[in-house]
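> Got a structure for you, questions after.
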Amino acid sequence: MCQLCEASARPSSRRHFLAGAVSFAASTAFASSALAKETKPPPKPQNVLSPADALDRLMKGNARYIEGVSRRHDFKHEREALAGGQNPFAGILSCADSRIAPEYAFDSARGDLFVCRLAGNFASDETIASLEYAHAVLNTPLFMVLGHDSCGAIDATIKSLKDNTTLPGHLPSLVSALAPAVKASEGKSGDRLANAIRQNVIDNVAKLRSATPILNAAVDQGKLRIVGGIYRLADGKVDIVTDANRPPA
């Protein structure tokens with residue numbers, strides 16, 4: 001290479017070196033920042049639980065709710081901690097029915113439950129994404145799909161399929177989502193609506209369990225537990241009907 005060419009090449013080399021150094025420094029700073037965020041103390045240390053302990057706490061809260069001895073929650077003094085973050089110990093995929101309030105049903109406080117609600121409590125893409133966030137970012141160790149008896153959305157789906165009618169507005173989207181559970185429960189002994197409600201819970205627990213790549217891996221690694229329950233309107237009791245982490249009996 002001639003001296004002129006060699007001289008002209010040097011600034012380019014220096015620019016590449018400086019650019020690489022800046023990039024390395026930026027990535028290092030980002031990694032340090034991320035690590036600092038990860039090691040930040042959780043807003044509610046009592047919510048750092050194993051999946052099994054989280055389920056135990058959830059059901060003990062339901063037992064208090066049933067007995068009418070719910071705790072008095074001090075919302076005022078926890079606001080400051082929760083203003084800086086959250087670490088809920090359970091995620092609930094619940095029906096939007098006004099009679100179902102997971103925070104009450106499990107006697108929980110602010111920052112305890114990550115709740116997704118929609119008619120028919122089914123796992124849409126949006127609810128799956130929300131629960132992925134809850135586990136991957138907020139480290140939530142337990143999810144529950146919570147159905148309830150006398151579900152109007154499932155009852156409407158049964159009638160729509162039986163009569164071959166199309167519901168108005170956007171309601172057909174609910175029918176499409178709930179139809180698989182209704183069809184799968186056909187022909188079983190017992191109450192048709194109750195069977196479809198139970199099947200819908202089981203199906204959506206399975207759907208969350210198989211959601212790749214985040215939720216299924218978390219379950220396989222023992223970091224996440226996914227269960228299904230049915231809320232009884234008459235007494236507020238939640239019955240566990242399926243557990244994705246245990247083989248069927």
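Read-outs throughout are calculated quantities, based only on the coordinates presented, and are distinct from any laboratory measurement. As the structure is a prediction and not an experimental result, all values here were calculated from the model. Cβ placement follows ideal geometry from the backbone for every residue including glycine, while neighbour counts extend to all protein chains displayed.
> Would you pull out the residues with amide H under 5 Å of Arg117's amide H, same chain only if 5 or more places away, H placed 1.01 Å from N?
For Arg117, whose amide H was placed from the backbone, the distant partners under 5 Å are Ser94.
> With a/c under 1.5 counting as rounded, go ahead and sort the stretch 44-243 into rounded, prolate or oblate using the C-alpha gyration tensor (a ≥ b ≥ c being the square roots of the eigenvalues; past the cut-off, prolate if a/b is larger than b/c, else oblate). The partial results should precede the final answer.
Working: a/c = 1.91, a/b = 1.56, b/c = 1.23.
Prolate, because a/c is 1.5 or more and a/b exceeds b/c.
> I need the phi-derived Karplus couplings for the stretch 109-114: 6.51 cos²θ - 1.76 cosθ + 1.60, θ = phi - 60°, integer Hz, Gly and Pro marked x.
10, 4, x, 8, 10, 9
> Would you list which aspartates and glutamates come within 14 Å of Lys223, measuring only between C-alpha atoms, while excluding same-chain residues fewer than 8 positions from it?
Here the aspartates and glutamates satisfying the reach criterion relative to Lys223 are Asp53, Glu132.
> Apply the a/c threshold of 1.5 to the C-alpha gyration tensor of the stretch 146-249 and tell me whether it is rounded, prolate or oblate.
Prolate shape, in that a/c is at least 1.5 and a/b is the bigger ratio.
> For Ile226, list long-range residues whose amide hydrogen, built 1.01 Å from N in the peptide plane, is under 5 Å from its own amide hydrogen.
Phe143, Ala244, Asn245
> Which order do the peptides 47-54, 203-210 take when ranked by the mean count of other beta-carbon atoms within 10 Å per residue, highest first?
203-210, 47-54
> Then there's this: Would you kindly derive the ³J(HN,Hα) couplings of the stretch 128-137 from the backbone phi angles with the Karplus curve 6.51 cos²θ - 1.76 cosθ + 1.60 (θ = phi - 60°), listing them in order in whole Hz, with x for Gly and Pro?
So the J values, rounded to whole Hz, are 4, 4, 5, 6, 4, 4, 4, 7, 5, 9.
> Same structure again: Which of the peptides 137-148, 81-92 is most tightly packed, and how do the rest follow, going by the mean number of other Cβ atoms within 10 Å of each residue?
137-148, 81-92
> How far apart, in nanometres, would the label points at Asp56 and Lys76 be if each is projected 7 angstrom from Cα along the Cα-to-Cβ direction?
Going by the 7 Å Cα→Cβ label model, 3.4 nm.
> Return the aspartates and glutamates within reach of Lys237: Cα separation strictly under 18 angstrom, same-chain partners fewer than 8 residues apart disregarded; answer none if there are no such residues.
The reachable aspartates and glutamates, counting only those whose Cα sits under 18 Å from Lys237, are Asp56, Glu67, Asp97, Glu103, Asp107, Asp149.
> Going through the cross-link list Lys44/Lys207; Lys44/Lys76; Lys40/Lys76, which pairs have a Cα-Cα distance over 25 Å in this structure?
Lys44/Lys207, as the Cα separations exceed 25 Å there.
> So, counting K/R as plus one and D/E as minus one, what does the shell of residues with Cβ under 12 Å around Ser185 add up to?
With Lys, Arg at +1 and Asp, Glu at -1, the net is +1.
> Relative contact order of the stretch 44-243, please, whole-number percent, based on alpha carbon pairs below 8 angstrom and at least 6 residues apart.
Answer for the stretch 44-243 is 23 percent.
> Please enumerate, by chain and number, the lysines with C-alpha under 23 Å from the C-alpha of Lys162, excluding those fewer than 8 residues away in the same chain.
Lys183, Lys188
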